[in-house]
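These notes are about the structure you will find just below.
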Amino acid sequence: MLTTFLVNIVDLSRRFAVAVTLLVLLASAGLGWFVVTHFRINTDVNQLLASDLPWRQNEKAIETAFPQNVDQLLVVIDGDTPDATEDAAATLTKKIQALPERFTFVQRPDAIPFFRKNGLLFLPTAELADILNQMVQAQPLFGALSADPSLRGLFGMLDLQMQGLEHGMLDYRQVDKPFAAMSATINAALAGQDKPMAWQSIMSQSPPQPRDLRKLILVKPVLDYGDLEPGRKASEIIRSLAKGLQGVRVRLSGPVALNDEEFASVAHGTGFATLLSVVLVVVILWLALRSARLIIPILLTLFAGLIATTAAALGVIGSLNLISVAFAVMFIGIAVDFGIQFGVRYRGQHHEEPDHVKAMQKTARIIAAPLAMAAASTSLGFLSFMPTDYRGVSELGFIAGVGMVIAFVLSVTLLPALLSLARPPAENEPVGFGWMMPADRFVANHRRAILITAAIVALIGAVIASHVRFDFDPLDLKDAHTESVSTLFDLMKDPDFSPYTSEILRPSLAEAKAIADKLQAQPEVDHVMTLASFVPDDQDAKLSAISDTRTILEPTLSPPAVQPAPTDQQIIDTLNKIAPKLKEIGKQHESAAQLAQALDEVIAHHDHALFERLQNNMIGGMQTMIAMVRESLQASRITLDNITPDLRNDWVTAEGHALIRAYPKGDAHNQNALVAFTDTVQRIAPDADGAAISIRESGKTVVSAFIHAGCYAVVTIVLLTLLILRRLRDVAALIAPLILAGILTLATIVVIGLPLNFANIIALPLLLSLGVSYAIYFVSYWRSGMTNPLQSSMARAVLFSAGTTLVAFGTLGLSSHPGTGGMGKLLTVALLYSLTCTFFVLPALLGQNKTDKQIRE
């Protein structure tokens, strides 16, 4: 009945070819307009997984409580000196804050007022003593530039230092570094360049630490989820604002930058794969069909189906997501299979029957039912994704499943109509693989050996496949060469910058502290933070030391009067006074001689612009330092009650809900360490979330989704084939090679060290649906009583249709994006095994038809 119905559809399409072609053409034009005007990609990664999952609910609760921590851009500033880094961070922060319409939250964690005032209290006692001692030693410099913040004040202070050297009250080693730095700054200014004095480095008795040369700015940009890169405009603005910053390198990372660069990488890889797959598909079509009158109708049918499928996706779902956007490559690779099957079988019949009409009718009778079964099984394989919690793949399953139905309908309507209009010439030679006769003979003569070998291979492969692992870390799917990822890995060298943290929300700070204490006692936990973590230890001793230093420096840092800015002549008079003294000292010390020579050139070539440049580069940084020192000496006792909102709001909500953040011990990028950490945290706090939990739970969700999808696909495809074939033996023969192909695929990825991940796991259900479609053609051929399957036009059609799918998915393997590339590689391996098992194991399972004995002769 099905065959008769489909044959009638094909015949009607042939008879009314012009009407069918015009109708589809008009429909495609209308649907194409709809696609162009409604095309949208939803790049919100938070919508790729179902929002009602328990861990997603925990995640949502924390995001709602602390929205400033969601969708952040991390601006990383690395400088040559602490001063340059600080100046650049302060300047860039002010510029970003001036654009509230673009950035809703901007914060420098190390520079909030709470830490500006109380930062010294968080230092170890010994380190605090060293810093306070350095401040006291710098009192003469602070005093000179507080009372006279100008070149006159700076060089006047030098006059005092040289007097100290002359009378043996000062060791030259104390001024050697400042003299050298001043010479470098002055010489740069004389050359028309800016080289600010690095006062923090000059005054420090030890080299700067890595943290002194790095500053971070947290930014929450306004995102455009209609753009493939939602944060692209914000990133461009920040890069533009950062231009001109001296002595620093500015990089972007954080969730927004990571996602944007990944989207761009995926889009580039997918776009290239789509273009290359179209080219290769055309090449394979030529090899399979050898006639433009066959190839052009198939391509037109393919593109009409692609337009209709895209329109269906946008009409029902409203947008594509970051996973479902890959449907185009899949559609091209799979849907063209129907056209190749029809075209190759038509060529075979046209060789036997020169009359076009009769050849078309015979083709329809032969191919209609297996083509319908193949389309149905492939569609069911995709639709099996729909009931899962992995929304990204669920939507892909719907789009691709509907696309297979559309492709089939067009293959039995539009394609016959176009072939009728094109009228391909009759074939002069048989269509098939005559050179495959030895293979047919080998399979027929060695069935038992082939099946025994397959069983042994399956057993060995199953043992190896049992060691397959799932890599649930999304960082492993990102391109390590992109700025955002390389920057993140750079930051992760410091344990305090680990992204693999766990977060817990509790109704009160008291409950949060109790949980934090339990977590801190666990060996898998490095340290735990709550708001209480910002109440420092040993405050009495530290405050006493700070108070003593404040008493010494306060008159110096806050002089009763500040001198007015000097005239250019006053500056020259000061230089003329100290230059000869420097020359005298320079007879024994090179840095003094260099500084004296630099001052002589300033005196000789002075102008007001030069003095302004020197004022900015030599005095500006010291004024900033004096302000920071003055503020840091105002530290006062910290309690939970007087922690200021600039810090409190990051840890406690207005309703009193408190945040706990736990950091893993060891390398959390190692999955065993991450699993141990998350298991420990969830045992103590089952409702915990954070990046570490989200990574782990999303992995569980994805694996569960694909297990369910695989089960649904197996059940539905088995029921479908059983309903149509009506013999359990035939269904078992059809499924068995696919199971073998699946085992071999998993064993291979274990051997080559390619784990399953969020991207490539899609290959496993696809292996089933595609493999079934190939097997159906062989089973249908065998049930019709035909012999020599590997020599037939059916085998030629299967081989070339599989070839198109292989090149479509294989081109994905060329992507620079690790996730997309890995998916392409695994799909290629899976399809190669499926094709091999279908060509050699399936015929051995099906056994002999009555006439098979002919191939033995």
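Worth pointing out:
- Within the range 567-581, residues that are under 19 Å from PRO149 (Cβ atoms) have Cβ atoms under 7 Å from residues that are part of a helix (DSSP H, G or I) and open to solvent by 80 Å² or more (accessible area, probe 1.4 Å) in these pairs: ASP568/HIS608, counting only partners at least 6 apart in sequence or on another chain.
- In the range 402-415, the residues that are buried (at least 21 other Cβ atoms within 10 Å of the Cβ) never reach a residue that is among the acidic types (Asp, Glu) with C-beta atoms less than 6 angstrom apart, at least six apart or across chains.
- Any chance LYS215 is at pLDDT 85 or above, buried (at least 17 other Cβ atoms within 10 Å of the Cβ) and assigned to a strand (DSSP E or B): yes
- Considering residues of the range 7-51 that are of a type in the set (Ser, Thr, Tyr) and assigned to a helix (DSSP H, G or I) only, the residue surrounded by the most Cβ atoms within 10 Å (Cβ to Cβ): SER13
- Here ALA129 fulfils each of the conditions (1) touching a residue at least 24 places away in the same chain (Cβ under 8 Å); (2) open to solvent by less than 50 Å² (accessible area, probe 1.4 Å); (3) outside any loop (DSSP other than H, G, I, E, B) apart from (2).
- Remark: pairs (first residue in the range 1-22, closer than 20 Å to GLY343 by Cβ; second residue hydroxyl-bearing (Ser, Thr, Tyr) and outside any helix (DSSP H, G or I); Cβ separation under 9 Å; 6+ apart in sequence or on different chains) = ILE9/THR413; VAL10/THR413; LEU12/THR413; SER13/THR413; VAL20/THR413.
- Residue in the range 426-443 that is in a helix (DSSP H, G or I), charged (D, E, K, R) and either at pLDDT below 85 or open to solvent by 50 Å² or more (accessible area, probe 1.4 Å) (or both) present: yes
- Scanning the range 224-243 for residues that are of a type in the set (D, E, K, R) and within 24 Å of SER319 (Cβ to Cβ) returns ASP224, ASP227, GLU229, ARG232, LYS233, GLU236.
- Residue match in the range 802-820 (condition: open to solvent by less than 10 Å² (accessible area, probe 1.4 Å), modelled with pLDDT of 80 or more, within 26 Å of LEU275 (Cβ to Cβ) and not hydroxyl-bearing (Ser, Thr, Tyr)): yes
- Scanning the range 513-559 for residues that are under 12 Å from LEU121 (Cα atoms) and either among the basic types (Lys, Arg) or part of a loop (DSSP other than H, G, I, E, B) (or both) yields VAL535, PRO536, ASP537, ASP538, LYS542.
- Condition check for ILE340: under 29 Å from the mean Cα position of the chain (by Cα) and more than 29 Å from ASP260 (Cβ to Cβ): no
- Unique match (being outside any helix (DSSP H, G or I) and either over 19 Å from the mean Cα position of the chain (by Cα) or under 26 Å from ILE724 (Cβ atoms) (or both)) among MET794, MET786: MET786
- Residue selected from the range 68-91 under the condition modelled with pLDDT under 90 and closer than 21 Å to HIS657 by Cβ, by the criterion nearest to the chain's Cα centre (by Cα): ASP71
- Scanning the range 625-678 for residues being open to solvent by less than 60 Å² (accessible area, probe 1.4 Å) and outside any helix (DSSP H, G or I) gives a total of 22.
- Residue that is surrounded by the fewest Cβ atoms within 10 Å (Cβ to Cβ) [pool: residues in the range 175-203 that are in contact (Cβ under 8 Å) with a residue 12 or more places away in the chain and of a type in the set (S, T, N, Q)]: ASN187
- Here SER547 passes the criteria (1) open to solvent by 80 Å² or more (accessible area, probe 1.4 Å); (2) more than 30 Å from ARG173 (Cβ to Cβ); (3) under 58 Å from the mean Cα position of the chain (by Cα) except the one numbered (1).
- Qualifying residue in the range 53-71 (condition: open to solvent by less than 30 Å² (accessible area, probe 1.4 Å), within 21 Å of VAL250 (Cα to Cα) and in contact with a Pro (Cβ under 9 Å, 6 or more places away or on another chain)): no
- Pair list, Cβ under 6 Å, 6 or more apart: the range 53-69 residue of a type in the set (D, E, K, R), other residue at pLDDT below 90 and assigned to a loop (DSSP other than H, G, I, E, B): GLU63/VAL70
- Any hit, the range 712-719, residues being open to solvent by 30 Å² or more (accessible area, probe 1.4 Å), at pLDDT below 80 and either assigned to a helix (DSSP H, G or I) or of a type in the set (A, V, I, L, M, F, W, C) (or both): no
- Taking the conditions (1) among the basic types (Lys, Arg); (2) at pLDDT below 85; (3) surrounded by 15 or more Cβ atoms within 10 Å (Cβ to Cβ) in turn, ARG447 satisfies each one other than (2).
- Counting only residues that are surrounded by fewer than 24 Cβ atoms within 10 Å (Cβ to Cβ) and in a helix (DSSP H, G or I), the range 750-760 holds 3 of them.
The values are calculated or read from the model by the stated rules, or taken from the named source; none is laboratory data. What you are looking at is a predicted structure, and each value in this text was computed from that prediction instead of being measured. In this analysis, Cβ positions are derived from the backbone assuming ideal geometry, glycine residues included, and neighbour counts consider all displayed protein chains. Each accessible area value is taken on the protein alone, full model and side chains, heavy atoms only, with ligands, DNA and RNA left out. Shrake-Rupley method; radii C 1.70, N 1.55, O 1.52, S 1.80 Å.
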